[in-house]
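Okay, so here's the structure we're looking at.
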Amino acid sequence: MGNISLPNNIANGQQADATPLMANLNTIVNDYNGNIQNVNIAALAAIDYSKINLSDSILNSDINASASISSSKLATITTAGKVSGAALTSLASIPSGAGIIPAANLTFPTISTGTISHGAVIPLPGGYSEAKCKWIVSMNSSETLGEEHWDVFWQRCSANGTRTVTCQVGGGYTPGAYDNAQNAIANYMIIGTN
């Protein structure tokens, strides 16, 4: 780096030829061109922000964790996939002013109902696997014998993990005929969700 040297003929309060001084200043500028480092800048230099070029130079590590950057400085996220679903942790806090989610963006369950015989398998809703469904059954009719005087003493109605239905009634013409089982009809409801 060059040194500033004043012409010997400059005395206090006098003017002199500034050519030698300018030559020394040019030498200093040329020496510093592209080589100014942090140690060359005084702590109180107060360099004007307009003189600093930070284009494409600010990294995440340059931002203090407590910087509290105002949301007005952040651009709206519009690119699909930039926000992970895992980042949405509290849907209950979405403000009412956010608007209504279009129905096309929501997934609704599919519900199928009907009647089914003992031993049959509840049919799956179209497009759903068994793992995506839940089901329930209830007694529909126990009048399978066509005998108006046949007494029912017990009923069983259930569906197992593979959707197979058990629906039977037990009874007979006399109070002691408890083991006389007859197949019956059940109601079913199966719900498919994604």
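For the listed peptides 180-186, 50-56, a ranking on the average number of other beta carbons within 10 Å per residue, highest first, reads 180-186, 50-56. In a shell of Cβ-Cβ distance under 10 Å around Ile190, excluding Ile190 itself, what net charge do Lys and Arg (+1) and Asp and Glu (-1) give? Around Ile190, the charge tally is +1.
Once backbone amide H atoms are built at 1.01 Å from N, Asn180 has Gly171 as its partners under 5 Å, excluding neighbours fewer than 5 places away on the same chain. Extension gain, Ala80-Ala46: 0.36 nm per intervening residue step, less the Cα-Cα distance, totals 8.0 nm. Here the 3J(HN,Hα) profile of the range 117-127, calculated from phi with Karplus coefficients 6.51, -1.76 and 1.60 at θ = phi - 60°, is 8, 4, x, 7, 10, 4, x, 7, x, x, x Hz, Gly and Pro shown as x. Partners of Lys73 within straight-line reach, counting lysines whose Cα lies under 29 Å from its Cα and excluding those fewer than 8 residues away in the same chain: Lys51, Lys82.
FYI, it's all coordinate maths here, none of it is from the lab. All values derive from a computational prediction rather than experimental measurement. Ideal geometry is used to build each Cβ from the backbone, glycine not excepted, and the neighbour counts take in all protein chains shown.
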